[in-house]
Amino acid sequence: MVYFKNKMMSIISRFHFTKFFIFLFILLVNMKLNAQDKIFVVTTTSIFKDMIEQLGKNHVLVHSIVPTGSDPHLYEAKPDDVQICKNADLIMINGLHLEVWIEKLIKNSAAKAPVFLLTNHIKPVKTGKYPDPHAWMSASNGIIYAKNIAKAIITINPDLKQVIHSNLEKYIDSLQKLNTYIETEIQKIPESQKILITNHDAFRYYGQCYNLKLIPLMGVSTEGEPRTSDIIKIIEVIRQNRVPAIFVETSINPQQMTQIAADMHISIGGSLFSDSLGESNSSAGTYLGMLKTNTDMIVRALYVNTSNQNTKVKIQAFNEIIFISLFLIFLLITTWVFTIKLVNK
Ligand SMILES: [Zn+2]
């Protein structure tokens, strides 16, 4: 009986074992086929990764070399990056001196994939020695990025032309709606308060497109330390314009800005997203979400705070008028009483 039971168990386990291996084999073959179907795109930041995924959908497999939340200016390539670049079907970079390390990485990896510039047809803003690389910061430039991505994917696989064009049309529509939203929201801020003070010079395209004056603590790159003259300049601007809030950025150390805010007794308006998206489950987890989150944060800090501040100032002025009026009435009554007493004598 025991022998029979053991024999049965052995047949069953062998049967499961064989079934498991057949299942694993089918899974691996499927995965390989799926991976082969997809274009393996390597890009440099989480922002571009999202844009490429929105356009390529299930036809692309995208990898961002710089992880979410990290600084692309100061990134140092890892040994794994060499292999990843080597396996790429397509490499898409921002250029304009954002990824100063990418040229060496591509060379070391001996990658055969074509390298596409996401900033093709974008008119770069000059800032001293180098152009400003943060061209993705306006939704209108985002449309140019999207067109460049669509063109690159179609170059790799012309069969995808129709589906990519359809995705592009929908994405451009969302970007146009977002552009209008940002314009409308920024207009709410009073002209004198349209001053955006940030960690580094990443909002020039945003400011130019949506009419905001920019005062960054550091230049377009995050390399080096802020100069004392820049700190003094920011303090002066805050004082002269009664700026209600300044901003830190998610991928940069906030210490200097926090110190300035504390010294000037003003608030930190929020942590803006400039060189990286937020976590995937957050409101800034996509490129569209990131621009909207930044805008809401800016408007809340510069418009709502200003309105509250103005209301406080009005209440204070009203209280002062009431106090002065009461004092005058008291003075008048006292004088009157005193005069009557004097006359009656
Ligand atoms: Zn930057």
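No lab work stands behind these numbers, since they all come straight from the coordinates. Since the structure is predicted, the reported quantities are computational estimates derived from the model, not experimental observations. FYI the Cβ positions are ideal-geometry reconstructions off the backbone, even for glycines, and counts take in every protein chain you see.
Details
- Under 5 Å from the amide H of MET92 lie the amide H atoms of VAL42, THR43, PHE116, each residue being 5 or more positions distant or on a separate chain, with H modelled from the backbone and absent for Pro and chain starts.
- Formal net charge of residues neighbouring ILE266 (Cβ-Cβ distance under 12 Å; K, R +1; D, E -1): +1
- Cα gyration tensor category, rounded, prolate or oblate, for region 117-156 with a/c compared to 1.5: prolate
- Mean Cβ count within 10 Å, highest first, over the residues of peptides 94-103, 233-242: 94-103, 233-242
- Region 189-308: C-alpha gyration tensor shape, a/c 1.5 cut-off, then a/b vs b/c: oblate
- Neighbour counting of Cβ atoms within 10 Å sorts the residues PHE48, PHE273, PHE338, fewest neighbours leading, into PHE338, PHE48, PHE273.
- In sequence order, calculated HN-Hα J values of region 235-244 (Karplus, 6.51, -1.76, 1.60; Hz; x Gly/Pro): 4, 5, 4, 4, 5, 5, 9, 6, 5, x
- Considering only GLY69, LEU118, ILE39, and ranking their Cα positions along the charge dipole of region 37-153 that arises from unit charges at the beta-carbon of Lys, Arg, Asp and Glu, the one farthest toward the positive end is LEU118.
- Once backbone amide H atoms are built at 1.01 Å from N, LEU214 has LEU196 as its partners under 5 Å, excluding neighbours fewer than 5 places away on the same chain.
- Fully extending the segment from SER192 to ARG239 would add 15.6 nm, taking 0.36 nm per residue of separation and subtracting the current Cα-Cα distance.
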